[in-house]
1. Taking the alpha-carbon distance from LYS146 and a cut-off under 15 Å, which aspartates and glutamates remain once sequence neighbours fewer than 8 residues away in the same chain are dropped?
2. Treat the stretch 100-141 as a sphere of radius equal to its Kirkwood radius over Cα pairs and apply Stokes-Einstein at 4 °C in a medium of 1.567 mPa s; give the translational diffusion coefficient in µm²/s, rounded to a whole number.
3. Per Stokes-Einstein, at 10 °C and 1.306 mPa s, what whole-number D in µm² s⁻¹ belongs to the stretch 41-188, with the Kirkwood radius over Cα pairs as the hydrodynamic radius?
4. Normalise the Cα radius of gyration of the stretch 116-177 by 2.2 N^0.38 Å (N = residues in it) and let me know the number.
5. In the P(r) worked out for the stretch 45-90, what percent of Cα pairs fall beyond 17 Å?
6. LEU162 to GLU98: FRET efficiency via 1/(1 + (r/R0)^6), r the Cβ-Cβ distance, R0 30 Å, to the nearest 0.05?
7. Per-residue counts of other Cβ atoms within 10 Å, averaged by peptide: what ranking do you get for 156-164, 46-54, highest first?
8. Report the label-to-label distance for ILE171 and LYS122 in nanometres (one decimal), using points 7 Å from each Cα along the Cα→Cβ vector.
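Please treat every number below as a calculation from the coordinates, not as lab data. Owing to the predicted nature of the structure, the values given are computational and were not obtained by experimental measurement. Note: ideal-geometry Cβ built from the backbone for every residue, glycine included; neighbour counts use all protein chains shown.
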Amino acid sequence: MTDSNGRPHDPSKRPKGPRPGGPKRRPGPRPGPAPSGPRPGTARQSPIGVRRVEGEPFFELVHPPCVEETDLDYQEGLEIWEAGEPEEARDALRFALEGCPDNLWVHVALGDLAYKEFRDPKLAMGHYGYAFELAHRALPADFAGKLPRDHAPNRPFHDALLGLVSCLRAIGEEREADELRKLLEKLR
């Protein structure tokens, strides 16, 4: 079994006991290397970055460090959902989001829960749409490169786009869904 990062998922490696504690991160600038792309202060600024993959003809999204820091909580949420407890999974995923509000994987998982388990496309659109906007703002306005879905850092962006398209179709917004589908095809 693999998680949405494309990494092997082994529940036996999760430490037993309560979730790791520690100080909560506040929204705002994240430490670490500055992402490439738009200059800070522009309207398209995002905590997500984009860079060309060395030796490859495509690009990848660069996620903030808090994504790795909250991975155990994200994994726990997925495990709880797999165990058939969607409400508890939602709580665990929300906990992960508190530690990393810009985690695309968590937003996609919450969108999936809202859409698949709670049959609420409007709530799902909020999570998918937020993940999409975070990643889309990282792309320069004239971006003409490829962000392939099979490259793990790009997967949540594609999953958010696909989820958003499904939700838009579910509420009868076919034209917007078609526009997003064209964007998805362009990035592949």
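1. Partners found: GLU54, GLU56, GLU60, GLU185.
2. Values: Rh = 10.3 Å.
D = 125 µm²/s.
3. Numbers: Rh = 15.7 Å.
The calculation lands on 101 µm²/s.
4. On the way: Rg = 12.5 Å, N = 62, 2.2 N^0.38 = 10.6 Å.
Its radius of gyration relative to the 2.2 N^0.38 Å reference: 1.18.
5. Working: 580 of 1035 pairs.
The calculated P(r) of the stretch 45-90 puts 56 percent of pairs beyond 17 Å.
6. Details: r = 26 Å, r/R0 = 0.86.
With R0 = 30 Å, the Cβ-Cβ based efficiency is 0.70.
7. Numbers: 156-164: 23.9, 46-54: 17.4.
In descending order of packing, they fall as 156-164, 46-54.
8. 0.7
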